[in-house]
Every structure is written in structure tokens, then in C-alpha cells.
Amino acid sequence: MTDHPHQSGTPSGPLLVYTRNCEPKRPSDAQNAVFSAPSEPPSDAQNGDPQAPSKWQLQTVARSILPENRRLQKCYRTPLAGGVEVHRSPSRQTAAYRNLCTCSSVWACPVCAARLGVFRALEVTAALDRHLSQGGDAVMLTFTASHTRDDELPHLLAAHKAAHARFFRTGSVRAALADVGTLGRITAQEVTFSNGAGFHPHKHVLLLLDGSHPAPLQALEALASTWRNVAARSGLTASRDHGLRASGGRSAGAYVAKLGLEVSLSVCKKGRNGSHGPWQLLRAASDGESFALVAFRTYALALKGTAHLRWSPGLKAALLVDEVTDAEVMASGGEQDEALAAVLSRRLWSGICRADVRSDVLALVGADDFDTLTAMMLVYGLDAAGLTRV
């Protein structure tokens, strides 16, 4: 894979937001005399826990949990030909690595998931804005089913997949979707975990409607009984009150887009009510929680190869959204004003990875603070001669 910018019509927006990590890892007290954090705290510190591990540090945890994942082992660690490039956006004071192998995994890698999540969220947002501005409508259907701590995730995913296929093949559902003027749908897969209830897979389906039906929500809410029936045929139990929920308008599409953004922005946030997303599991694993280590490995292996967001055939073309693969997203450039700021020798880069300070380097280059960057390298015993400022 090369690391050249992708030139076709990709969404514009803050693609370098993924480089805003939690506050850089601080050395020991004896080292603090020569190391200081950037003057502007990275945006993830706004979550109230600036000492939380960065997505780069969580990637290191993921590598230890999934040693057989060769692409993850190389991701943002193994250089391509030449040295490692660091590009900087002056307008956002962010930085990004270039000329490195990437794994493009939204399920196992918090670093790749961050960039892919932002890009896909921008795709959904741009498409929804265009659709609504042309008089269209949108409704989001959320499908859930009961589960217990003893249910295995691969079984739950297979059952949900079968139930969804049955649901959208059912004649009454097809008739209802046609009646409300459905043009296509975007499906988002989400899985959370809690110690009490185990894995909780659920799907959010954003329906793009032509705007001709006066009350699409009521028409679609009537399909709840159909979902319960097909869920039962697939070995699941769907609640009468919560099995199928519908919400409408711009908020529906905003939530689906939020699922993409959460991949990139929730790395450092703690789960609510005992519920953990994948990156919260990694954080718990980094704190020594054995349940989280097992749960994250189960999660990553079960979801490997599946799509996070799926568009129905022809919908992207109808909404003027370019087809861009995950690999192309990872190989593309970031901000329009992004430019090469520094090159790291392969030897220096190896030391940076061993010291687990990849996030610190990005934060300091983003802040254009090369004096502190050089001092930090000396503190960690790294040869600053391998840093070439451009």
C-alpha cells in the first residue's frame, strides 16, 4: 500500500482529528524537569480524564491481545520504503504519520478505526444533508434482542444476521418500506459488552425516504411485531417495547454518523452503566482487567471481516457519494494545508515505538514544538540526530 493522497471526491472535513490524542504520556518525576506537555491540551482531554491512555497506547494493548493478527502487528509501526514522514496541519495544529503500514481494521485497531470513523461519519453527514435539502426524509430503525452473559458473540451475530435478512425479505416489510417511499438504507453494526449481560449486538438502519409519506414513523413502528416474529424464528427474543424502535428526521442520520465518530472520539471515554465499547475494553485491559482482555479478543475475532457501515446498492451513487475503500481512506491525505514537517529515521522510529511515545511525537509536532520534542527524545535515550525537520 502506498501513502499518497487519494484525489477523487472524498468528503472534506477534519480528517486529522484522529491525531488529537489524550495528553502525552509523562516520564517519571525525575524526567519532568526537561519534558513539558504542549501548551494547548489535545481535544480528547475534554472528556475529563487527561491521563487516560491514547489510542496509540491502546493499539499496543490490542497487539498484545491479538498476536496472530499480522497486519495489526505492523500497523503504524513498520515503515514502507525510506523514513517515517510526519505531516502537519498549521490550521488545526495537528500531525499525522505517513509512509507506514496500516491495517484498516475498524474492529481491532483504535488508530485505524479513528481515521476511518471520521471519514465514514462525514460521508453519512454529507449525504444526509444533501438528501434532506432536496425534500427527502429519514427514519432510523434500531433492532435489539435479549441476551445473557452465557450467550456467545459469534452465535448472537449469526442469529441477528439471519433475523435481519428475514425481516427485510418479509412481504409486509417490503410493502411498508415501499409505502413510505424508501430510496435506500445505511446499516450500522454496533456491539457493546457488560459483565452482567455479556455481549449486546444491535443494528441501526437509516432509511432514506422520498418525503412523500405524511407519517412514516407510525407506519414503520407498526413493524415491531414482525421483528419479534423473525427474531424468534432465528433463536432470539425481542422485547415488545424495545425490540424495534424508530426515530425520524435529521436526528436519525446524525446518530448513524455519530456511530462513526464514536469510533474515533470515544477512545478515552469510560463506558456508561457498566457498558463497554471496544476501546473501553482495551482501556480496562490496560488497567489489568482480565475480563476485558478476553472480551476484546472475542469481539475482534468475531467481527473481523464485517462492515461497520453498509450502504444498500446504488444509494451512494444516487446521493453523489464516491466509492472509497477503507484502504484508500487510510492512504489519503488529511487537511488541505497539511505538509511534510519532519522525517524520522528508521532507527529513531524503532526507538519511538519501543518507548511507546508515538502519540507524544504527534502532539509536539502538531504544536510545532520541536525543542520539547528533541528534549523528550533525549530523556528517553533516543538519538535526536534521526529527526530531520523540513
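Put simply, of Leu66, Leu58 the only residue that is buried (at least 19 other Cβ atoms within 10 Å of the Cβ), touching a Phe, Trp or Tyr at 6+ places or on another chain (Cβ under 7 Å) and among the hydrophobic types (A, V, I, L, M, F, W, C) is Leu58.
Could you list all residues from segment 301-319 that are at pLDDT 90 or above and touching a helix residue (DSSP H, G or I) at 6+ places or on another chain (Cβ under 7 Å)? Listed by number, the residues that qualify are Ala302, Leu319.
Can you find even one residue in segment 323-337 that is modelled with pLDDT under 95, of a type in the set (Ser, Thr, Tyr) and open to solvent by 60 Å² or more (accessible area, probe 1.4 Å)? Working first, answer last.
The first filter runs over segment 323-337 and keeps only residues modelled with pLDDT under 95, leaving 323-337.
Restricting the remaining residues to those that are of a type in the set (Ser, Thr, Tyr) gives 325, 332.
Now drop any that are not open to solvent by 60 Å² or more (accessible area, probe 1.4 Å), which leaves 325.
Taking every residue of segment 323-337 in turn, at least one turns out to be modelled with pLDDT under 95, of a type in the set (Ser, Thr, Tyr) and open to solvent by 60 Å² or more (accessible area, probe 1.4 Å).
Whenever a residue of segment 321-338 is under 19 Å from Val124 (Cβ atoms) and hydroxyl-bearing (Ser, Thr, Tyr), its partners that are modelled with pLDDT under 90 and crowded, with 19+ Cβ neighbours inside 10 Å, lying with C-beta atoms within less than 8 angstrom and at least six residues away or across chains, give the pairs Ser332/Thr10; Ser332/Leu15.
Do you know which of the residues in segment 263-300 that are among the small types (Gly, Ala, Ser) and at pLDDT below 85 is farthest from Ser194 (Cα to Cα)? Don't jump to the end; show me each part of the working.
So in segment 263-300, the residues among the small types (Gly, Ala, Ser) come out as 264, 266, 271, 274-275, 277, 284-286, 288, 290, 292, 295, 300.
When the remaining residues are screened for being at pLDDT below 85, the result is 264, 266, 271, 274-275.
Values: Ser264: 21, Ser266: 17, Gly271: 9, Gly274: 6, Ser275: 5 Å.
The residue in question is Ser264.
Considering every residue within segment 374-385, establish whether at least one is touching a residue at least 12 places away in the same chain (Cβ under 8 Å), in contact with a Lys or Arg (Cβ under 6 Å, 6 or more places away or on another chain), crowded, with 17+ Cβ neighbours inside 10 Å and part of a helix (DSSP H, G or I). No - not one qualifying residue is present in segment 374-385.
Give the residue, chosen from Thr125, Thr148, that is in contact with a strand residue (DSSP E or B) (Cβ under 9 Å, 6 or more places away or on another chain) and touching a residue at least 40 places away in the same chain (Cβ under 8 Å). Explain how you work it out, then say what you get.
Values: Thr125 fails: in contact with a strand residue (DSSP E or B) (Cβ under 9 Å, 6 or more places away or on another chain).
Going through Thr125, Thr148 in turn, just one is in contact with a strand residue (DSSP E or B) (Cβ under 9 Å, 6 or more places away or on another chain) and touching a residue at least 40 places away in the same chain (Cβ under 8 Å): Thr148.
Taking the criterion of being of a type outside the set (Gly, Ala, Ser) and out of contact with any Ser or Thr (no Cβ under 8 Å at 6 or more places or on another chain), the residues of segment 345-357 that qualify are Arg346, Arg347, Leu348, Trp349, Ile352, Cys353, Arg354, Val357. Within segment 220-250, the set of residues being within 13 Å of His160 (Cα to Cα), surrounded by fewer than 18 Cβ atoms within 10 Å (Cβ to Cβ) and touching a Ser or Thr at 6+ places or on another chain (Cβ under 7 Å) comprises just one member, Thr237. Selection over segment 83-124 of residues that are out of contact with any Gly (no Cβ under 7 Å at 6 or more places or on another chain), of a type in the set (Gly, Ala, Ser) and part of a helix (DSSP H, G or I) gives a count of 2.
Restricting the first member to segment 288-312 and to residues that are under 30 Å from Leu207 (Cβ atoms) and in contact (Cβ under 8 Å) with a residue 40 or more places away in the chain, and the second to residues that are open to solvent by 50 Å² or more (accessible area, probe 1.4 Å) and assigned to a helix (DSSP H, G or I), the beta-carbon pairs closer than 9 Å and six or more apart or on different chains are Ala302/Pro154.
Return the residue satisfying two criteria in turn: it lies in segment 341-373 and is assigned to a helix (DSSP H, G or I), modelled with pLDDT of 95 or more and of a type in the set (S, T, N, Q), and of such residues it is surrounded by the fewest Cβ atoms within 10 Å (Cβ to Cβ). So the residue we want is Ser350.
Selection of segment 317-346 for residues being β-branched (Val, Ile, Thr) and under 24 Å from the mean Cα position of the chain (by Cα) yields Val321, Val324, Thr325, Val329. Among the residues of segment 168-192, those that are at pLDDT below 95 and in contact with a Pro (Cβ under 9 Å, 6 or more places away or on another chain) comprise Gln189, Glu190, Val191, Thr192. In the set (1) closer than 19 Å to Leu157 by Cβ; (2) exposed (fewer than 13 other Cβ atoms within 10 Å of the Cβ); (3) of a type in the set (D, E, K, R), Asp287 fails one condition alone, (1). Restricting attention to segment 65-79 and to residues that are free of Cβ contacts under 8 Å to residues at least 24 places away in the same chain and not in a loop (DSSP other than H, G, I, E, B), the residue that is nearest to the chain's Cα centre (by Cα) turns out to be Gln73.
Results for (1) without any contact (Cβ under 8 Å) to a residue 60 or more places away in the chain; (2) within 18 Å of the chain's Cα centre (by Cα), shown as yes or no for each residue.
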{"site": "Arg63", "(1), (2)": "yes, yes"}
{"site": "Ala81", "(1), (2)": "yes, no"}
{"site": "Ser104", "(1), (2)": "no, yes"}
{"site": "Arg120", "(1), (2)": "no, yes"}
{"site": "Arg130", "(1), (2)": "no, no"}
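Select, from Gly288, Gly314, the only residue that is more than 19 Å from the chain's Cα centre (by Cα) and farther than 26 Å from Val118 by Cα.
Numbers: Gly314 fails: farther than 26 Å from Val118 by Cα.
Being more than 19 Å from the chain's Cα centre (by Cα) and farther than 26 Å from Val118 by Cα holds for just one of Gly288, Gly314, which is Gly288.
The values are calculated or read from the model by the stated rules, or taken from the named source; none is laboratory data. Since this is a predicted model, take the numbers as computed values, not measurements. Neighbour counts are summed over all protein chains in view; Cβ atoms, including those assigned to glycine, are modelled from backbone coordinates with ideal geometry. Calculation scope for accessible area: heavy atoms of the full protein, side chains included, ligands and nucleic acids excluded. Shrake-Rupley method; radii C 1.70, N 1.55, O 1.52, S 1.80 Å.
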